[in-house]
Amino acid sequence: MDESLEPRGGESIAYTHDGDLVTAITLTVTRNGTQVESYAYDVNGRRFQTTSLLRGVSTCPSTYNTDDQRTKPRMRGESRR
């Protein structure tokens, strides 16, 4: 597990990467010790699950078409890639 800390405006924001390259990788974002977001990626780097307390999303699964483009509607506030 890797963790990086980023102090920002009096808050402590931690980014934690966990998992392995064989199954999946999970990125967890915590603010002041409380988890606020998490993202799960498959071995091809495609995000397959998003959880965001900041945006009010408990779980948002992702699906992809044959061209490897995400087809699931985007969450509120999420930008296109």
Query raised in the report: Any idea which of (1) without any contact (Cβ under 8 Å) to a residue 12 or more places away in the chain; (2) under 27 Å from ARG8 (Cα atoms) is the one THR66 doesn't satisfy?
Result: (2)
**Report entry** Positions within the range 28-60 being assigned to a loop (DSSP other than H, G, I, E, B) and of a type in the set (A, V, I, L, M), in sequence order
**Finding:** VAL43, LEU53, LEU54
**Report entry** Selection from the range 61-73 of residues that are surrounded by 15 or more Cβ atoms within 10 Å (Cβ to Cβ) and either small (Gly, Ala, Ser) or outside any strand (DSSP E or B) (or both)
**Finding:** SER62
Requested in this report: Select from the range 11-45 the residues that are farther than 24 Å from THR63 by Cα, surrounded by 14 or more Cβ atoms within 10 Å (Cβ to Cβ), within 12 Å of the chain's Cα centre (by Cα) and modelled with pLDDT of 80 or more and list them in ascending order.
Outcome: THR30
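The values are calculated or read from the model by the stated rules, or taken from the named source; none is laboratory data. It should be emphasised that the depicted structure is a prediction, and the values quoted were computed from it without experimental measurement. Ideal geometry is used to build each Cβ from the backbone, glycine not excepted, and the neighbour counts take in all protein chains shown.
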